[in-house]
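Just below is one structure, and these are the notes that go with it.
The values are calculated or read from the model by the stated rules, or taken from the named source; none is laboratory data. If you're wondering where the values come from, they're calculated on a predicted model, not measured in any experiment. Ideal geometry is used to build each Cβ from the backbone, glycine not excepted, and the neighbour counts take in all protein chains shown. These area figures cover heavy atoms from the full protein model, side chains too; ligands, DNA and RNA do not enter into them. Shrake-Rupley method; radii C 1.70, N 1.55, O 1.52, S 1.80 Å.
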Amino acid sequence: MASELHGGCEEARHLYVHLPFCAHRCGYCDFVTAVGRKPQHGAYVDALLAELELERAPLAPRLETVFLGGGTPTFTEPAALQRLLDGLPDADEVTVEANPETVTPALARLLSRNRVNRVSLGAQSFQPRLLSVLERRARPDDVRRAVYVLRDAGFDNISLDLVYGIPGQTAPDLEADLAETLALEPEHASCYELEAKPGTRFTHAHGVELERQAESMESYFERVVDVLTGAAYRWYETANFCRADEGRDLRARHNLGYWLGRDYLGLGIGAVSTIGSVRRRNAPRLGPYLAALSGGQEPPRELERLDGGTRRRERVMLGLRLDEPLLLGDLEAAVDREALARLERLGLIVRSGVNGHETLALTDRGRFLGGGVTAELLT
Ligand SMILES: C[S@@+](CC[C@H](N)C(=O)[O-])C[C@H]1O[C@@H](n2cnc3c(N)ncnc32)[C@H](O)[C@@H]1O
Ligand code: SF4
């Protein structure tokens, strides 16, 4: 069946593949996940490969990035994961998200044999009591061991995820997490403010403490930036840092594609694709996804038409998260000139010109305030 995304668009050079299975569900998680279901992993991979066949038309002959995200991609049955990696197109950067406790020498070999050249490890914290609050399976030693196992298998591009604002966390806990992270010398680190969705069991259980943590978020964020930039990491995106090794650009190329407003194709339950003026979201339900694709049909999904104004506003919003100036060019119409002048006077944004082309960038203060500044700037 012809896809609505095909035809007349520029080619997509980024592919996202969603692997939803996890060994258990962590309390704070709001991603599209399915617990266990080992007998269905093979059928899900068949469905992913069938979806790829149906939707591959907008993909460029050579991809820049492939990203296997989750869920816990490394919880997927090894034979199914092997088959998936075999069936996916090659790319310059192939990333797999991994939970530390799933990283064994055999898994590391499976990944490296199959062209995976970047692993993103969900550490979250190195404090046992905070990992328990998050209902994580991995202990601090699992994170360290996972990094060593990956290094032994030859991986030279490892990212660690941390979250801060965890119920019960203190400033010294955060310092310790950052020190532990630096000791492992990852090429990349992502540090996220913990988001707790209202109405969830987690929010219910930790409500008062989450409110207390919210008051510390700004100082935690500043500390994250101070410590990581102090250790020569580049703060290249609001929540993302990379080592500044000579001759290597260690920014996450896949996510950079999103932040630069590039087109991408997403496969799997809950996956989003944005190509040209269409955004498509696959329904987050496993049964209907498997049923549709086993019958050669598109999975259930929602389509959203994006007008030029929406895409321009998104590009400004995402582009200003980066440390490189945003070329205004055709994005001019998305920017409120009066708000821009005001934000400039407040020292939150700087305007410059490169060869007569106007660029915008948030100052460090603007970057700490983040989305609020950009929201004010947009028409
Ligand atoms: C798609 S998730 C899951 C990856 C992997 N399954 C894991 O748990 O490590 C990728 C990252 O998003 C971050 N994350 C997940 N839930 C979050 C939340 N509620 N608030 C902030 N960050 C979150 C975590 O740092 C996590 O490593
Ligand atoms: S392992 Fe990761 S994706 Fe799975 S439930 Fe936990 S946080 Fe969510």
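Listing for the model above:
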{"item": "Extreme residue, farthest from ligand 1 (Cβ to nearest atom), among residues of the stretch 190-201 that are open to solvent by less than 90 Å² (accessible area, probe 1.4 Å) and more than 15 Å from GLN169 (Cα to Cα)", "result": "GLY199"}
{"item": "Identity of the residue in the stretch 134-181, within 16 Å of ligand 2 (Cβ to nearest atom) and in a helix (DSSP H, G or I), that ends up farthest from CYS242 (Cα to Cα)", "result": "ASP142"}
{"item": "Residue check, THR102 farther than 21 Å from GLY154 by Cβ and within 16 Å of ligand 1 (Cβ to nearest atom)", "result": "no"}
{"item": "Number of positions in the stretch 210-241 that are part of a helix (DSSP H, G or I) and out of contact with any helix residue (DSSP H, G or I) (no Cβ under 9 Å at 6 or more places or on another chain)", "result": "8"}
{"item": "Neighbours by Cβ (under 6 Å, 6+ apart or cross-chain): first from the stretch 49-72, more than 20 Å from TYR258 (Cα to Cα) and within 16 Å of ligand 2 (Cβ to nearest atom); second outside any helix (DSSP H, G or I) and open to solvent by 20 Å² or more (accessible area, probe 1.4 Å)", "result": "THR72/ASN99"}
{"item": "Of the criteria (1) open to solvent by less than 40 Å² (accessible area, probe 1.4 Å); (2) outside any helix (DSSP H, G or I), which one LEU256 fails", "result": "(2)"}
{"item": "Sole exception among (1) aliphatic (A, V, I, L, M); (2) in a strand (DSSP E or B); (3) surrounded by fewer than 20 Cβ atoms within 10 Å (Cβ to Cβ) for LEU110, by number", "result": "(2)"}
{"item": "Any hit, the stretch 156-164, residues being of a type in the set (A, V, I, L, M), in contact with a Leu (Cβ under 9 Å, 6 or more places away or on another chain) and either open to solvent by 20 Å² or more (accessible area, probe 1.4 Å) or more than 16 Å from ligand 1 (Cβ to nearest atom) (or both)", "result": "no"}
{"item": "Positions within the stretch 59-99 being within 16 Å of ligand 1 (Cβ to nearest atom), in a helix (DSSP H, G or I) and among the polar types (S, T, N, Q), in sequence order", "result": "THR74"}
{"item": "Residue list for the stretch 283-323, filter: without any contact (Cβ under 8 Å) to a residue 40 or more places away in the chain and either assigned to a loop (DSSP other than H, G, I, E, B) or in contact with a His (Cβ under 8 Å, 6 or more places away or on another chain) (or both)", "result": "ALA283, ARG285, GLY295, PRO300, LEU306, ASP307"}
{"item": "Where a residue in the stretch 14-26 is under 11 Å from LEU68 (Cα atoms) and assigned to a strand (DSSP E or B) and its partner, wherever it lies, is more than 8 Å from ligand 2 (Cβ to nearest atom) and polar (S, T, N, Q), with Cβ under 9 Å and at least six apart", "result": "LEU15/THR65; TYR16/THR65; TYR16/SER273; HIS18/ASN282; LEU19/THR74; LEU19/THR76"}
{"item": "LEU134 vs. criteria over 24 Å from LEU110 (Cβ atoms), open to solvent by less than 10 Å² (accessible area, probe 1.4 Å) and modelled with pLDDT of 95 or more", "result": "yes"}
